[in-house]
Amino acid sequence: MLKTGDKAPDFTLVSDEGKNISLKDFRGKKVVLYFYPKDDTEACTQEACDFRDNIKVIEKNDTVVLGVSKDNTRSHVKFKKKYSLPFTLLSDETRDMLDAYGVWKEKSMFGKKYMGIVRTTFLIDEKGIIKNIWEKVTVKGHIEEIISRL
């Protein structure tokens, strides 16, 4: 399991714009890397819109936002357009990155167990070191916690 102070695992994933994006592309900037279960669902939409509504404050702190889910890029394009999201969404259909960051876990709903993404956010510094980890994120109030750490 990753912890604060660890080097963030590098990755290369396809973005909503069809480009290959790697963590190393953002050296020299802080990265808010957030993992969410599914495009266009209630909590995931609220979380994305909270980032959207606070993007100027985030960018003013020399920080970029990257959202990651298992959804394909077509789904990301629709989600991003529908809610005017001004940041990059990455698709990890193979689950390699989800596994590397430890966010693909057993979950339970209505007594049924299944595997899925546990909502988690990482704050990564300019050198690629994990500065904060928020696990099992509750969306309400989460953006304020992140901003307070920038």
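Before moving on, here are some points about what is shown:
- Residue list for segment 92-108, restricted to those being closer than 19 Å to residue 42 by Cα and in contact with a strand residue (DSSP E or B) (Cβ under 7 Å, 6 or more places away or on another chain): 107
- Per the listing 110, 122, the residue uniquely among the aromatic types (Phe, Trp, Tyr) and either surrounded by 18 or more Cβ atoms within 10 Å (Cβ to Cβ) or touching a residue at least 12 places away in the same chain (Cβ under 8 Å) (or both) is 122.
- Annotation: of all residues in segment 1-38 being among the β-branched types (Val, Ile, Thr) and under 16 Å from the mean Cα position of the chain (by Cα), the one that is surrounded by the most Cβ atoms within 10 Å (Cβ to Cβ) is 32.
- Long-range neighbours under 7 Å by Cβ, at least six apart or interchain, first residue in a loop (DSSP other than H, G, I, E, B) within segment 129-150, second hydroxyl-bearing (Ser, Thr, Tyr): 135/120; 137/120; 137/121; 150/63
- Search result, residues across segment 27-43 that are free of Cβ contacts under 8 Å to residues at least 60 places away in the same chain and aromatic (Phe, Trp, Tyr): none
- Top-ranked residue of segment 50-72 - restricted to ones that are in contact with a strand residue (DSSP E or B) (Cβ under 8 Å, 6 or more places away or on another chain) and outside any strand (DSSP E or B), ranked as surrounded by the most Cβ atoms within 10 Å (Cβ to Cβ): 71
- Listed by first and then second residue, the pairs linking a residue in segment 51-64 that is free of Cβ contacts under 8 Å to residues at least 24 places away in the same chain to a residue that is in a helix (DSSP H, G or I), with Cβ atoms under 7 Å apart and 6 or more places separating them unless they lie on different chains, form an empty list.
- Segment 12-49, subset assigned to a helix (DSSP H, G or I) and hydrophobic (A, V, I, L, M, F, W, C), residue nearest to residue 95 (Cα to Cα): 23
- Filter pass, residue 138 being β-branched (Val, Ile, Thr), over 12 Å from the mean Cα position of the chain (by Cα) and within 17 Å of residue 44 (Cα to Cα): yes
- Sole exception among (1) more than 26 Å from residue 7 (Cα to Cα); (2) out of contact with any helix residue (DSSP H, G or I) (no Cβ under 8 Å at 6 or more places or on another chain); (3) surrounded by 16 or more Cβ atoms within 10 Å (Cβ to Cβ); (4) not hydroxyl-bearing (Ser, Thr, Tyr) for residue 130, by number: (1)
- Residue in segment 96-112 that is at pLDDT below 95, part of a loop (DSSP other than H, G, I, E, B) and not polar (S, T, N, Q) present: yes
The values are calculated or read from the model by the stated rules, or taken from the named source; none is laboratory data. All values derive from a computational prediction rather than experimental measurement. Because the Cβ atoms are built from the backbone with ideal geometry, glycine has one as well, and the counts that use them run over all protein chains shown.
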